[in-house]
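Have a look at the structure below, then the notes.
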Amino acid sequence: MRSVQAESGGEFEGWSQMLIRNQRAFAAGVLFLIVSIFYFVMSFNYVTGTPARMGPGFFPRMVSIGLALIAVGILLSAVAPKAKIEKLEKWDVKGLLWIAGSVALFAVLLPTFGLVFALAALVIVASLASPEFTWPGALVNTVVLVIFCVAVFIYGINLQFPVWPVWFR
């Protein structure tokens, strides 16, 4: 077997092991590929149709194929000889929990407290995930996003979300 010397100084035996130069891009490519395979398989629950007469499964299937092609491109770029060497950093579990918790809190608050208060809670709780968190920044971000979301989703496309809490309706 031949020995291949990597630029990063590591030595790999044989051609069967591929050097992943950009681990961050490779992980993103794997995640995209997993999501695309999931949605591709799930699209078989719906009639596909043809491009002229699309069924409900046509769009999800085409999007999943497009996402898979993007994933393969990202994976190939991560192992290319000229790819920038980047290591996969340790996950910020605390930040991940703040963000996931804010989404769950939004889902719980929306029916009773309405879009304005639920979205304000989401933005403020999700802001706590940032190491650069400041109250003035979080409050300005909250006001801007609440105004934007109410304008777009309630007045723009007329979604039927409760805007205010039940005691104000």
Task: Members of segment 103-127 that are within 20 Å of the chain's Cα centre (by Cα), crowded, with 19+ Cβ neighbours inside 10 Å and not hydroxyl-bearing (S, T, Y) - done: F106, L119, L122, V123, A126
- [ ] Name every residue in segment 124-143 that is assigned to a helix (DSSP H, G or I) and farther than 17 Å from W164 by Cα, in order of residue number.
- [x] I124, V125, A126, S127, W135, P136, G137, A138, L139, V140, N141
Open item on the list: Considering only residues that are more than 17 Å from R24 (Cα to Cα) and touching a residue at least 24 places away in the same chain (Cβ under 8 Å), which ones fall in segment 69-95?
Closed with: K94, G95
Open item on the list: Suppose we filter segment 49-91 for residues that are part of a helix (DSSP H, G or I) and over 15 Å from Y39 (Cβ atoms); how many remain?
Closed with: 8
Task: Residue among S130, S64 that is of a type in the set (S, T, Y), outside the structural domain of A27 (by TED's automatic domain parsing), surrounded by 13 or more Cβ atoms within 10 Å (Cβ to Cβ) and within 30 Å of R21 (Cβ to Cβ) - done: S130
Task: Identity of the residue in segment 133-150, of a type outside the set (A, V, I, L, M, F, W, C) and exposed (fewer than 12 other Cβ atoms within 10 Å of the Cβ), that ends up nearest to G101 (Cα to Cα) - done: T134
TODO: Show the residue pairs that are 6+ apart or on different chains and have beta-carbon atoms under 9 Å apart, the first residue being within segment 98-111 and more than 19 Å from Q160 (Cα to Cα) and in the same structural domain as C149 (by TED's automatic domain parsing), the second being in a helix (DSSP H, G or I) and polar (S, T, N, Q).
DONE: W98/S127; S102/S127
Open item on the list: I need every pair where a residue in segment 22-34 that is within 12 Å of I70 (Cβ to Cβ) has its Cβ under 7 Å from the Cβ of a residue that is in a helix (DSSP H, G or I) and among the hydroxyl-bearing types (S, T, Y), sequence separation at least 6 or different chains.
Closed with: A25/S77
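The values are calculated or read from the model by the stated rules, or taken from the named source; none is laboratory data. Only a predicted model underlies this, so the values are computations on that prediction, with no experimental measurement involved. All Cβ positions, glycine included, derive from the backbone under ideal geometry; neighbour counts span all protein chains shown.
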